[in-house]
Structure formats: C-alpha cells, structure tokens
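Structure, as structure tokens:
What follows is calculated from the coordinates using simple rules that are stated; it is not laboratory data. For clarity, every value in this text was computed on a predicted model and none was experimentally measured. Every residue, glycine among them, receives a Cβ derived from its backbone with ideal geometry; neighbour counts consider all protein chains shown.
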Ligand code: SF4
C-alpha cells in the first residue's frame with residue numbers, strides 16, 4: 001500500500017471524522033477520515049476494506065475524501081426515524097460529534113446522539129462500565145421509548161460483546177434503562193447506507209412480532225400523518241380494514257421523499273407502515289418549547305405489528321442477496337417482499353406505482369397519472385437542452401442507479417457513475433435498470449472523490465450530479481453541480497429535495513435544464529434573455 005501525504009487540500013475537506021474527534025486513538029485511519037491525516041502514517045497502515053486486492057489508482061493515498069460516510073451515521077439517522085428513539089453510540093465521543101455535525105448541517109435541525117464516551121482504559125479493558133452508565137444516564141435524561149445503540153469502529157475492533165453487555169445491564173439494573181436495539185456498524189466494513197439498512201433490519205428483527213396489532217402509521221394517527229380530515233373520501237380509515245397492510249422500507253431518502261410516499265399511500269387508501277420515518281423528527285415545525293427528542297417517527301407499536309403486514313416493499317436494487325428488513329419479514333413471517341429500485345425517473349416510478357396499484361387492487365389515482373403526463377410533456381419541451389449532454393453521477397449506489405435512469409430518459413449521457421459503496425452489485429443492477437446505458441459509461445464501485453477528480457477532466461462533463469461534496473470538483477471543471485441526495489451542506493433545503501415519483505423527476509428535470517440554461521446564458525457574449 002502506497003502512503004502519501006501530498007494530498008490536495010481541496011480534496012480533503014472534512015467529510016470524515018472531524019478535527020473535534022475526542023479520541024484520535026479511536027480512529028483506524030478510514031479513508032474518509034481527516035483526523036487520520038494528523039496521525040503518524042504507521043498508525044494508519046491497516047487494511048482499509050475487505051477489498052484490498054482491488055487495483056488502486058496510481059496516485060492512491062491512504063487519507064482520501066471518500067464518496068461514502070461513516071456507517072454509524074446511517075444507523076443514527078434510521079434510529080431518529082423511530083418515535084421516541086435516541087441514537088446511542090458505543091464508542092468515543094468524537095464519533096457522535098462528527099455525526100451530529102453532519103446531520104445537523106444537512107437537516108438544519110438539532111439532533112442529540114448519546115455516547116458511551118470511551119477513553120483509553122475502555123479500549124484496553126472494554127467499555128462495559130461506560131455502556132451501563134451511558135444507558136442509565138440517557139434514560140434518565142431523555143426518557144426514550146427505545147435506545148438505538150450502534151457500535152463505532154473502536155468498539156467493533158476490540159470486539160465488544162454487546163449481547164453480554166445488555167445482559168449484564170438487565171441483570172444489574174432490571175428495567176431501569178430503556179429497551180435497547182443494537183446494530184453492529186464497523187465503518188471500515190461498510191458505508192452509511194449499510195449502517196442505515198442494518199439498523200432498519202435490526203429494528204424489525206428485534207421488535208417485530210406476529211401480533212395483529214392495528215398500529216400502522218396511518219392507523220395510529222391518520223389525520224396528523226397524512227394531512228387528511230378523518231372521514232374524508234380519501235381518508236385511510238375508510239378502507240383500512242379491507243385493504244392489505246404494507247410494510248414500506250424506503251432506505252435513506254429525503255424528508256420530502258418520505259412525505260411524498262405517505263401522500264401516495266394515502267391516495268391509494270392503502271394502510272402502511274413506513275420505516276423509518278424521520279420526515280417530522282428531522283424536518284419538523286418550530287417548537288414552542290424545546291424538545292429533547294423531536295416528535296415524529298414510526299411508532300414502536302407499528303414496528304412490532306410488522307409481523308402481521310400482508311406485503312413488504314423495499315427500495316434498493318443493490319440489496320438483492322443482502323439480509324434486510326424485508327428478508328426478515330419474509331423468512332420469519334412469510335410476508336412477500338417486492339424489491340424495487342428507488343422510484344426515480346419515469347420507468348422506475350412506473351414500476352413503483354404499478355406495484356402499489358397491484359397491491360391496492362385499484363388504478364393509480366388520476367392525480368399521479370396527470371403528474372406523469374406533465375412530466376412527459378416537459379421532457380419534450382426541454383429535450384433540446386439536455387440532449388447529448390454529459391454527466392458525472394456520484395453518491396450512494398441506489399441513488400446513482402435512480403439518477404442514471406432519469407438522466408438516460410431525458411437524453412443526457414452519464415459518462416461516469418461512481419459510488420463509494422462496494423456491494424459488487426452496482427454495474428449489474430445499473431445495467432438491468434437502465435438497459436440503454438451506453439457500453440462506454442464508466443461504472444465504478446469503491447470510488448472516492450480523488451478518483452472522480454482524476455477521471456473527470458478527460459470525460460469533459462457538462463455537469464455533475466450528486467451530494468454537495470462534489471463541489472470542489474465541479475468548481476475546478478467550471479461546470480454546474482446539481483445537488484441531490486445526502487449530504488447537502490452548502491445550500492438551504494437540502495433535506496427537502498424531492499427525488500421520488502413523477503413529481504420528484506419533474507423537479508430534478510427542471511433543475512438540470514435550468515442549470516444548463518444558466519451556463520449557456522452566462523458563457524454567451526450576448527446577454528440572451530430568451531432561450
Ligand atoms: S465510527 Fe469510525 S468512521 Fe465513524 S466517526 Fe467514529 S472512527 Fe470515524
């Protein structure tokens with residue numbers, strides 16, 4: 001492994017552990033971790049991933065700006081999508097500081113993440129005492145209904161036996177601490193998406209039962225969750241007794257996406273449980289009084305009742321063959337699972353709406369048929385601006401697939417599709433979802449921003465589309481960056497970007513075309529005001 005220190009400053013803007021990391025000794029020199037840059041090189045000469053046999057770029061350095069984020073970060077976000085659940089990191093304080101900073105800068109909402117606060121002695125003797133004390137403290141301070149515990153790199157590396165720790169806590173303190181769901185989240189083995197999906201899987205694995213409690217999202221508080229007057233023609237309460245109940249696992253999508261999914265299910269009159277649902281807890285209204293744990297989220301009773309759902313829908317083409325919340329329902333309760341791509345663009349949205357219509361036994365509501373029609377109409381209007389433009393797409397693997405599908409539909413040529421994920425499914429899933437993707441399109445797993453930056457100039461893109469972390473590359477290339485996904489740290493409203501459904505495709509299409517028009521306008525010697 002070649003280790004170099006001459007890294008361009010622009011490529012190491014902090015996307016990993018922050019300088020505030022309380023315990024640098026905790027860090028294993030993860031490739032996105034800027035704190036690691038300050039460590040002696042010998043301290044970070046460890047295997048970074050399970051895929052070290054992969055060929056590396058000539059200019060490989062061990063401290064890179066990865067196109068992925070810390071695994072417990074994904075778990076923390078998923079836990080905040082559960083009502084009354086507080087995320088709790090078993091590890092050092094710096095990890096929770098970094099994750100809080102990252103989430104707050106995107107969602108513009110406070111989020112508390114507890115930490116068992118490892119010190120040097122915990123790294124040597126284990127963090128049993130810290131875990132017990134932390135769980136009791138957080139219960140006293142926040143009175144949560146659930147503690148969502150994720151283990152950081154250090155706790156994973158020293159091999160903390162979390163089952164034993166939980167057992168000891170119970171034995172010594174009975175029910176003094178809130179119930180705990182633990183998820184194993186070693187960041188050197190995965191990405192924030194892996195942490196997110198694993199947390200959702202563990203919630204279902206550890207909480208769902210076959211009990212027939214009618215406690216889905218819509219059943220619990222139909223009017224507040226879907227914004228419908230009770231008893232109105234489209235109230236979910238009107239038909240819920242006769243309709244199949246759906247377990248919906250959307251993955252890491254925006255709060256606007258979550259709200260849109262709830263609206264769609266309400267319009268189909270289809271009862272559902274959306275897990276997780278951080279549309280309110282991470283993007284709520286102002287409070288009259290400070291809420292330590294923001295309200296909103298999937299009720300725990302609804303998660304327990306998932307074992308009696310009739311069907312499950314899960315978004316994530318690269319999840320094929322991976323144990324997920326959907327596969328837990330399938331194997332434990334015999335609930336059929338439909339694995340779909342993120343409904344982005346027309347084809348993937350059609351697949352989603354057709355699946356929901358099939359489950360509901362009804363047509364897609366006229367409202368969405370009209371949205372689709374308007375989208376097709378606008379593609380005709382904007383086609384001349386998008387046709388043969390070249391784009392670099394980057395981000396989480398499933399987002400990359402959804403975006404690529406959309407781009408191909410609007411006449412843009414994706415020239416590089418890159419992700420920091422390493423599912424080994426990206427190219428196969430991408431080409432299955434987008435059969436018209438050109439052969440010459442580069443599809444890269446385990447790619448980082450340094451590699452994107454190295455590759456991009458020769459590809460001559462017209463624009464980049466992905467998270468705000470691609471800004472420095474777009475700036476150097478003097479092309480627009482269309483900000484989507486997570487994180488968006490340099491704009492307001494990043495959490496409210498709508499990606500899903502015909503409506504989401506419409507918004508993305510308008511933004512892409514307008515960005516291209518703006519370039520045309522700005523680079524023209526004549527100040528055209530009519531394009
Ligand atoms: S869990 Fe690992 S990757 Fe995440 S902040 Fe902590 S040391 Fe860094």
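Some notes on this structure:
- The spacing between the range 168-208 and the range 419-473, judged by their C-alpha centroids, is 32 Å.
- For the range 367-523, the direction-averaged projected area of the alpha-carbon convex hull comes to 9.3 nm².
- Cβ-based exposure ranking for 283, 175, 161, in which fewest neighbours within 10 Å come first: 175, 161, 283
- Histogram of C-alpha separations across the range 254-316, 10 Å bin width, %: 18, 47, 28, 7
- q = 0.17 Å⁻¹, the range 351-402: log10 I(q)/I(0) [Debye, one scatterer per Cα]: -0.82
- Computed log₁₀ I(q)/I(0) - Debye formula, equal Cα scatterers, no solvent, the range 293-350, q 0.19, 0.22, 0.23, 0.26 Å⁻¹: -0.79, -0.92, -0.95, -1.03
- Take the Cα of residue 370, step 7 Å toward its Cβ, do the same at residue 289, and the gap between the two points is 4.3 nm.
- Whole-number D in µm² s⁻¹ for the range 463-531, Kirkwood Cα-pair radius fed into Stokes-Einstein, 20 °C, 1.002 mPa s: 164
- Relative packing of 424-431, 312-319, 119-126, which averages over residues the other C-beta atoms within 10 Å, highest first: 312-319, 424-431, 119-126
- Kirkwood hydrodynamic radius of the range 273-386, Cα pairs, Å: 17.2
- With neighbours defined as other Cβ atoms within 10 Å of a residue's Cβ, the residues 492, 111 order from fewest to most as 492, 111.
- Spin-label pair residue 137-residue 388: with each label point 7 Å from Cα along the Cα-Cβ axis, the two points sit 6.3 nm from one another.
- The label point for residue 531 and the one for residue 355, both projected 7 Å from the Cα toward the Cβ, are 3.6 nm apart.
- Each of 342, 379 was scored by other Cβ atoms within 10 Å of its Cβ. Listed from fewest to most, they are 379, 342.
- Shown here are the Rg and Dmax of the Cα trace of the range 116-205, at 13.1, 35 Å.
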